Amino acid sequence: MADELIKPDELLSKIDHRPSGAGWMDTPVDIRKGMYCYAANPKSVDTLGLPNARAWNPLEEDWKLPENWQQIIHDGFRERLDKFRSFKVYMDICVRCGACADKCHFFIGTGDPKNMPVLRAELLRSIYRNDFTTAGKILGRLGGARPMTLDVLKEWWYYLFQCTECRRCSVFCPYGIDTAEITIMGRELLNLLGLNIDWIATPVANCYRTGNHLGIQPHAFKDMLDFFVEDIEEITGIQVDPPYMEKGADILFITPSGDVFADPGTYTCMGYMLLFHYLKEKYGLRITWSTYASEGGNFGFFTSHETMKRLNSKMYAEAKRLGVKWILGGECGHMWRVISQYMDTMNGPADFLEEPVNPITGTKFENASSTKMVHISEFTADLIKHGKLELDPSRNDNKIVTFHDSCNPARGMGLLDEPRYVLENVANNFYEMPANTIREQTFCCGSGAGLNAGENMELRMAGGFPRANAVKHVHEEFGVNMLACVCAIDRAALPASMEYWVPEVDVTGLTELVANALIMPGEKERETDLRGEPLPGMEE
Amino acid sequence: MNSEKLLAEKKQAILKSWFQTTVDSYPADTARFLKSQKDPFANPVGQTTYRSLDALMDALITGAGREVMATALDPILRIRSVQTFTPSAATSFVFSLKRIVRKHLPEFGRDGGLAINGLDRQIDEMAMAAFDIYVACREKIFELKATESRKQFFGSLKRAGLIDETEADGPGL
Ligand code: SF4
Ligand code: SF4
């Protein structure tokens, strides 16, 4: 098609979106409002004992770096190449085939070529070649190498925080190169200079101090669940009684704090409470909550391996302290990637816990035999499969549902069929989005990996467009009005995305739909769903 | 032949040029992708852009008027208003149509400019609709920036009676 192109100068002449025409290395970074997140609050950086805590502004020339910052990056790079074999391999083996280039939602949505995964990785690779390979040292730019300069550092920062570490690109790479891992390493290196964003640093500091990202103290956590108890009673006539830090309970339940405090996750939280009450009444199962392990999410994952490890360890410390058999995890995204890919080598094996078995069905969750942590969708699917839940899916009949595979459960742990199985059993109207936008190929919500801030809304909307576009399609085709997901970041991020792109569609967690359908022993005739909206046939 | 008919006859050629011109407002590598990938889910920006322009051409040919043009403009502008374009760059594809039509239909000038004047007026209407939509999209973005976390947190905390009512009831909520 190239020969059909009209000459650029004939066209929209003064468009500043167009790069200078030079190679990507010569296209200077232009930090744009709406595309980046605010710099980390120095207090939060300090709380975590991370280096170079100070106030700085990405738009200013001077980023207040330590004098020897180049050496710090070089040494940090070397250390990680030695420590992480995957990182070294990913630096070496890319053949620049371009298969990943157009698979990133940020490239697709923003139209910025530097958001092609291959170029994102080249940010680090170009320095790797320069600093650590003979060919790079001899050939220099001809060999794709360049020295680390302040401009390169700014480019790193700008584009490594335009990657949600979603791994979609890796699905298409013939070599299995995981650009998310490269971003993770790049962000670690940036953290050595105190170059984190606040939307990550402050939640991490909160979590470190008070146990959850929002910095909610234990009594407020309990107050919130108490309030849900009242709401549940109003809707179902059932008084649930969630145990807190119950020693000797069968199972410890951990979910992202967003489920407890942020709409619409709160309805999913009520769903968990109803489900656990049901299991206690019917089968005597004791599932306890904890205000100490009050966060399943782990923004440490977006900071450094060390920080991730620190936050992850408290979940296991609490499980040990309470003497539970195993841990049940709620609907979270990156929590599951941390658990299924890193926990075992970081803090595992958790051999003080038992290999998870569902006491009601006898099912052994072999996939969790080492981490001892089971996903709520696996657990619920197993209960449904064995006929252990009495369900009335017609109570969700006014919801025409589609399912968004959250990146981390889908690509990070292979959880694809269990949520669908649950959904099909609790709702009668379920329509899939097109095949190249779901399951392993799912499109990110556009706000993962700590990018769910307000100031970068343009980036989030552009990055969220490929997902929203597929939702729009099923909305137009099948009348879909509800987007279900199993991730707290999704529940926080997708409502804004829907409001912008497909305002007719609302967002729900899966367990909210489960609890709408779940027939509680002794319940009154329900008139509304968990949101207080009339059930089908109960409208005025 | 009247101008609508002429326009209809040349629709595909004009649309092709217009699409290329519009897509070339992106960096060259991106433009190549936007043009070549035909799957609407793998390439939602390219395909939405194409569909918007197609619908706008139809609106011009049938003289459907501003409201129909606005409906066709919404998807493309909703995208361009979050893509770091300046306002003029985000909307300039509308104006480029004037030049493209003149190139493809030189005969339009021959009736003393009547046809081209009529068309220009329609394109001016399109431009005005485009400004309105662009601004509405930007306003929506700022509204989301301002209200997103309020909606998430204040709603639930307020229902739970954990925060003071007057603090929670900010403007617009
Ligand atoms: S991990 Fe996701 S966000 Fe990052 S480059 Fe790959 S596709 Fe893009
Ligand atoms: S698909 Fe893999 S090998 Fe090909 S350019 Fe991307 S990262 Fe490199």
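In segment A:179-190, the residues that are in the same structural domain as residue A:85 (by TED's automatic domain parsing) form Cβ pairs under 7 Å with partners that are near ligand 1 (Cβ under 10 Å from one of its atoms) and of a type in the set (Gly, Ala, Ser), at six or more places apart or across chains, as follows: A:179/A:121; A:179/A:170; A:180/A:170; A:182/A:121. Looking for something at pLDDT 95 or above, closer than 23 Å to residue A:304 by Cβ and in contact with a Leu (Cβ under 8 Å, 6 or more places away or on another chain) - is there at least one such residue anywhere in segment A:108-119? For segment A:108-119, residues at pLDDT 95 or above, closer than 23 Å to residue A:304 by Cβ and in contact with a Leu (Cβ under 8 Å, 6 or more places away or on another chain): absent. Filtering segment A:95-125 down to residues that are crowded, with 23+ Cβ neighbours inside 10 Å and small (Gly, Ala, Ser), which residue is nearest to ligand 2 (Cβ to nearest atom)? Top of the filtered list is A:121. The test for being more than 21 Å from residue A:158 (Cα to Cα), outside the structural domain of residue A:345 (by TED's automatic domain parsing), surrounded by fewer than 22 Cβ atoms within 10 Å (Cβ to Cβ) and more than 16 Å from ligand 1 (Cβ to nearest atom) holds for residue A:92. Residues in segment B:103-134 that are part of a loop (DSSP other than H, G, I, E, B) and under 20 Å from residue B:16 (Cα atoms): B:105 alone. Counted as qualifying within segment A:87-168 are the helices (runs of 4 or more DSSP H) with 2 or more residues that are under 28 Å from residue A:413 (Cβ atoms) and in contact (Cβ under 8 Å) with a residue 60 or more places away in the chain, namely A:105-110, A:117-132. Here A:272, A:244, A:159, A:267 are screened, and the one residue that is within 16 Å of ligand 1 (Cβ to nearest atom) and either on the phi < 0 side of the Ramachandran plot or within 13 Å of another protein chain (Cβ to nearest Cβ) (or both) is A:159. Of the helices (runs of 4 or more DSSP H) lying entirely inside segment A:244-357, those carrying at least 3 residues that are over 30 Å from residue A:195 (Cα atoms) are A:265-283, A:305-322. For segment A:49-86, what are the residues that are without any contact (Cβ under 8 Å) to a residue 24 or more places away in the chain, within 28 Å of the chain's Cα centre (by Cα) and surrounded by 13 or more Cβ atoms within 10 Å (Cβ to Cβ)? The answer is A:79, and nothing else.
Scanning segment B:42-86 for residues that are of a type in the set (Val, Ile, Thr), in a loop (DSSP other than H, G, I, E, B) and crowded, with 19+ Cβ neighbours inside 10 Å yields B:82, B:84. Among the conditions (1) within 16 Å of ligand 2 (Cβ to nearest atom); (2) of a type outside the set (Asp, Glu); (3) within 14 Å of chain B (Cβ to nearest Cβ), the only one that residue A:29 does not satisfy is (1).
Taking segment A:446-455, which residues are in contact with a Phe, Trp or Tyr (Cβ under 6 Å, 6 or more places away or on another chain), within 10 Å of chain B (Cβ to nearest Cβ) and closer than 24 Å to residue A:338 by Cβ? Within segment A:446-455, just A:453 meets the criteria. The condition of being at pLDDT below 95, hydroxyl-bearing (Ser, Thr, Tyr) and more than 16 Å from ligand 2 (Cβ to nearest atom) holds for only one of A:164, A:210, that being A:210. Step by step: first the residues of segment B:18-32, then only those that are within 7 Å of another protein chain (Cβ to nearest Cβ) and assigned to a helix (DSSP H, G or I), then the one that is modelled with the lowest pLDDT. Which residue is that? Going through the qualifying residues, I end up with B:29. Considering only residues that are among the hydrophobic types (A, V, I, L, M, F, W, C) and more than 7 Å from chain A (Cβ to nearest Cβ), which ones fall in segment B:136-155? Across segment B:136-155, the qualifying residues are B:136, B:137, B:142, B:146, B:154. Consider segment A:399-411 and keep the residues that are under 24 Å from residue A:334 (Cβ atoms) and open to solvent by 10 Å² or more (accessible area, probe 1.4 Å). The one that is farthest from ligand 2 (Cβ to nearest atom) is A:408.
Checked against (1) assigned to a helix (DSSP H, G or I); (2) at the interface with chain A (Cβ under 8 Å from one of its Cβ atoms); (3) among the charged types (D, E, K, R), residue B:39 meets all criteria but (1). Kindly indicate whether residue A:103 is at negative phi and away from chain B (no Cβ under 14 Å). When the stated conditions are applied, residue A:103 does not pass them. When A:461, A:433 are screened for being outside the structural domain of residue A:113 (by TED's automatic domain parsing), assigned to a loop (DSSP other than H, G, I, E, B), surrounded by 24 or more Cβ atoms within 10 Å (Cβ to Cβ) and at pLDDT 95 or above, only A:433 passes.
Pairs linking a residue in segment B:1-26 that is under 11 Å from residue B:105 (Cβ atoms) to a residue that is in a loop (DSSP other than H, G, I, E, B), with Cβ atoms under 7 Å and 6 or more positions apart or on different chains, are B:6/B:105; B:10/B:105.
Taking the criterion of being buried (at least 20 other Cβ atoms within 10 Å of the Cβ) and assigned to a loop (DSSP other than H, G, I, E, B), the residues of segment A:209-237 that qualify are A:211, A:212, A:213, A:214, A:216. With respect to the conditions (1) farther than 22 Å from residue A:485 by Cβ; (2) surrounded by fewer than 24 Cβ atoms within 10 Å (Cβ to Cβ), residue A:276 falls short on a single one, namely (1). For segment A:170-198, a residue qualifies if it is within 14 Å of another protein chain (Cβ to nearest Cβ) and either among the β-branched types (Val, Ile, Thr) or within 16 Å of ligand 1 (Cβ to nearest atom) (or both), and the qualifying residues are A:171, A:172.
This table checks each residue for (1) within 13 Å of another protein chain (Cβ to nearest Cβ); (2) within 26 Å of residue B:44 (Cα to Cα); (3) at pLDDT below 95.
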position	(1), (2), (3)
A:473	yes, yes, no
A:478	no, yes, no
A:486	no, yes, no
A:491	yes, yes, no
A:495	yes, yes, no
A:500	yes, yes, no
A:521	no, no, no
A:537	no, no, yes
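The values are calculated or read from the model by the stated rules, or taken from the named source; none is laboratory data. Just so it is clear, the model here is predicted, and its values are computed rather than measured. Note that we place each Cβ from the backbone using ideal geometry, even for glycine, and neighbour counts take in every protein chain shown. Surface accessibility is based on the protein's heavy atoms, side chains included, excluding ligands, DNA and RNA. Shrake-Rupley method; radii C 1.70, N 1.55, O 1.52, S 1.80 Å.
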